[in-house]
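Below is one structure, written out as structure tokens; the observations come after it.
The values are calculated or read from the model by the stated rules, or taken from the named source; none is laboratory data. Here the structure is a predicted model, which is why all the values come from computation and not from measurement. We place every Cβ from the backbone using ideal geometry, glycine too, and count neighbours over all the protein chains shown. Keep in mind that these areas ignore ligands, DNA and RNA; they rest on the heavy atoms of the full protein, side chains included. Shrake-Rupley method; radii C 1.70, N 1.55, O 1.52, S 1.80 Å.
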Amino acid sequence: MVSVKSILLAAMATVVYAAPCQPTFVPTLPKTGGARELPSPPPSFTLKKIAVGHGIQNYTCVDTTSAPKADGAVAILYDVTKYAPGTPKTGIAKALWDRIPSALLLKPLTLNKLAGTKYGAHATAPFPKEEDLKLLGFPIAEYLGHHYFDISSTPMFDLNRVGLKASVTKLDNVDAPANADKGPLKTGAVAWLQLGDSGKGLSSGITQVYRVITAGGVGQKCDVAGVGVHSVPYTTFYWFF
């Protein structure tokens with residue numbers, strides 16, 4: 001006669017215990033190290049993508065004595081999410097990661113050039129062929145999308161490779177660190193930004209965008225740039241939530 005104890009022991013022997021679930025790795029949003037940082041995204045927000053953007057910040061000078069007025073931007077976005085430091089198997093060293101914007105800024109702009117300008121995007125066809133990027137010896141960073149300002153001067157992020165889109169407005173900003181790359185024109189690194197949905201009903205899958213680890217992009221003084229529109233190269237990371 002088989003005892004109850006032997007039946008229980010046999011049943012226990014057949015149980016397969018699953019390994020404890022490992023928490024999903026989430027990269028940490030960079031900080032400037034200054035007296036005040038950008039607010040962190042709410043814990044309920046999910047990181048969708050990290051992109052490195054390469055493009056130009058546009059400015060207008062009405063005369064040679066005024067300050068340059070920010071007039072939008074154009075950039076190409078490349079997906080670097082899987083290379084974030086700490087990411088299992090694909091993450092790269094933080095020192096290399098932090099160098100990406102500066103290294104990309106040294107590459108020739110892949111935007112079309114307007115006649116007579118050193119830096120500038122074509123007014124009707126600003127974006128080149130949608131190609132992936134190889135940089136710094138790490139594997140390919142896939143083309144992700146575009147950043148631009150729409151006809152109403154609203155900042156837009158169109159991540160058409162993955163079907164995400166954001167129409168945003170500025171929520172907060174902090175100065176870039178003093179040691180940030182000032183860019184090829186030595187004008188300075190643009191501020192870090194927290195951007196939120198514009199409320200225009202144009203966003204899809206993205207609620208907030210952060211611009212961090214900036215390089216270049218500050219406008220030239222108008223007595224240097226002259227009257228009219230001028231463009232300044234910049235690179236940065238964009239974090240999409």
If we ask which residues in region 169-196 are β-branched (Val, Ile, Thr) and within 15 Å of the chain's Cα centre (by Cα), their number turns out to be 1
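Kindly provide the set of residues from region 189-199 that are part of a loop (DSSP other than H, G, I, E, B) and more than 14 Å from residue 157 (Cα to Cα), ordered by number.
Going through region 189-199, the residues part of a loop (DSSP other than H, G, I, E, B) turn out to be 190-191, 198-199.
Residues satisfying the conditions are 190, 191, 199.
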Restricting region 94-109 to residues that are touching a residue at least 40 places away in the same chain (Cβ under 8 Å) and open to solvent by less than 70 Å² (accessible area, probe 1.4 Å), the one nearest to residue 230 (Cα to Cα) turns out to be 109
When region 41-93 is checked residue by residue, the ones that are open to solvent by 50 Å² or more (accessible area, probe 1.4 Å), under 15 Å from residue 210 (Cβ atoms) and either among the aromatic types (Phe, Trp, Tyr) or touching a helix residue (DSSP H, G or I) at 6+ places or on another chain (Cβ under 6 Å) (or both) are 45
Long-range neighbours under 7 Å by Cβ, at least six apart or interchain, first residue within 30 Å of residue 26 (Cβ to Cβ) within region 59-81, second among the hydroxyl-bearing types (Ser, Thr, Tyr) and surrounded by fewer than 16 Cβ atoms within 10 Å (Cβ to Cβ): 76/110
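Within region 64-168, considering only strands (runs of 3 or more DSSP E) that don't extend past its boundaries, which have at least 3 residues that are under 15 Å from the mean Cα position of the chain (by Cα)? Don't jump to the end; show me each part of the working.
Details: elements: 69-79, 133-135, 138-149, 155-159.
In region 64-168, the matching strands (runs of 3 or more DSSP E) lie at 69-79, 138-149, 155-159.
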Please specify each residue of region 169-182 satisfying the condition of being open to solvent by less than 60 Å² (accessible area, probe 1.4 Å) and either in contact (Cβ under 8 Å) with a residue 40 or more places away in the chain or part of a strand (DSSP E or B) (or both). 172, 173, 174, 176, 177, 181
Just the residues that are open to solvent by 10 Å² or more (accessible area, probe 1.4 Å), in contact with a Leu (Cβ under 9 Å, 6 or more places away or on another chain) and not polar (S, T, N, Q), please, taken from region 207-218. 211, 218
In this structure, is residue 120 over 25 Å from residue 179 (Cα atoms) and modelled with pLDDT of 95 or more? no
